[in-house]
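Peer 1: Here's a structure for you.
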Amino acid sequence: MSQRTGDLVGIRPATQDDIAELVRLRTLLFEDLGGDYFNLPLVDGSWQDTLAVVLKDQLATGNTRILVVDGEGGGRGDGCLAACAIGSVEQRLPGPHLLGGRVGMVIGVVTDPAHRRRGHSRSLLRGLLDWFREREVARVDLYASHEGEPLYRELGFVNHPDPALYWRP
């Protein structure tokens, strides 16, 4: 049975027992996003194996928060997760625009297709935003899919003043 996280019924912190399902949901996220950026050919192995190792490590740190909603089977016993959200806090150099230097990052919010349109993403994101507030971050960044953008804007996210660029070595 799911526990309460704050006032959010049905949301609970992920545990080591959830890693296989977290990998499954994250795989769904990238399949949904599609395109060359998210589906590069693999050079030396499975990114999912590496993801499982990193998730295990991140669950043990205080800088990452992984929240989940159990599937309808009744909780951890059936091993099915309906949805998950992952956030992290990074310590950067403080500045006038970044007092304290802490920045939150929503790494991903994903709901299994069989469990969509039930408010899971909204509840998970509210749980992450509460966690970010507790850690006194100066701002929270995220990259939104077209489908997720209306929800994020409803929760107060706005366009970032800087252009987002990336480089691959």
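Peer 1: If you look at just the Cα atoms of segment 64-169, how large are its Rg and its Dmax in Å?
Peer 2: 15.4, 49
Peer 1: Would you kindly derive the ³J(HN,Hα) couplings of segment 119-126 from the backbone phi angles with the Karplus curve 6.51 cos²θ - 1.76 cosθ + 1.60 (θ = phi - 60°), listing them in order in whole Hz, with x for Gly and Pro?
Peer 2: x, 4, 4, 4, 5, 4, 5, 4
Peer 1: Say each of Asn159 and Arg24 gets a label point 7 Å from the Cα, pointing the same way as Cα to Cβ; how far apart are those two points in nm?
Peer 2: 4.0 nm
Peer 1: Taking 30 Å as R0, compute the FRET efficiency from the Cβ-Cβ separation of Arg122 and Arg168 and round it to 0.05.
Peer 2: Computed FRET efficiency for Arg122 and Arg168 comes out at 0.35.
Peer 1: Ok, one more. HN-Hα J couplings of segment 154-161 from phi, Karplus 6.51/-1.76/1.60, θ = phi - 60°, integer Hz, Gly and Pro as x?
Peer 2: 4, 8, x, 6, 10, 4, 6, x
Peer 1: Hey, can you rank 113-122, 158-167 by average C-beta count inside 10 Å, highest first?
Peer 2: Numbers: 113-122: 14.5, 158-167: 6.2.
Listed from highest to lowest mean packing, they are 113-122, 158-167.
Peer 1: Sticking with this structure for a sec: Label points 7 Å out from Cα along the Cβ direction at Ala52 and Asp17: separation in nm?
Peer 2: 1.8 nm
Peer 1: Hey, got a sec? Which chymotrypsin sites (Phe, Trp or Tyr not before Pro) in segment 80-148 land in a DSSP loop and have at most 15 other Cβ atoms within 10 Å? Please report the intermediate quantities before stating the final value.
Peer 2: Details: sites: Trp131, Phe132, Tyr143; in loops: Tyr143.
When the chymotrypsin sites (Phe, Trp or Tyr not before Pro) of segment 80-148 are filtered for loop state and at most 15 Cβ neighbours within 10 Å, Tyr143 remain.
Peer 1: Along each of the three principal axes of the Cα atoms of segment 50-120, give the extent in whole Å, ordering the values from largest to smallest.
Peer 2: 48, 28, 19
Peer 1: How far apart, in nm, are two points set 7 Å out from the Cα along the Cα-to-Cβ line at Thr61 and at Glu90?
Peer 2: Between Thr61 and Glu90, the simple spin-label model gives 1.1 nm.
Peer 1: Quick one: what does P(r) look like for segment 119-169 with 5 Å bins over all Cα pairs, in whole %?
Peer 2: Distribution as computed: 4, 15, 26, 24, 16, 10, 4, 1 percent.
Bear in mind that the values in this text are calculations on the coordinates, not laboratory data. In this text the structure is predicted, and so the values were computed from the model without any measurement. Every residue, glycine as well, gets a Cβ built from its backbone with ideal geometry; the counts of neighbours run over all protein chains shown.
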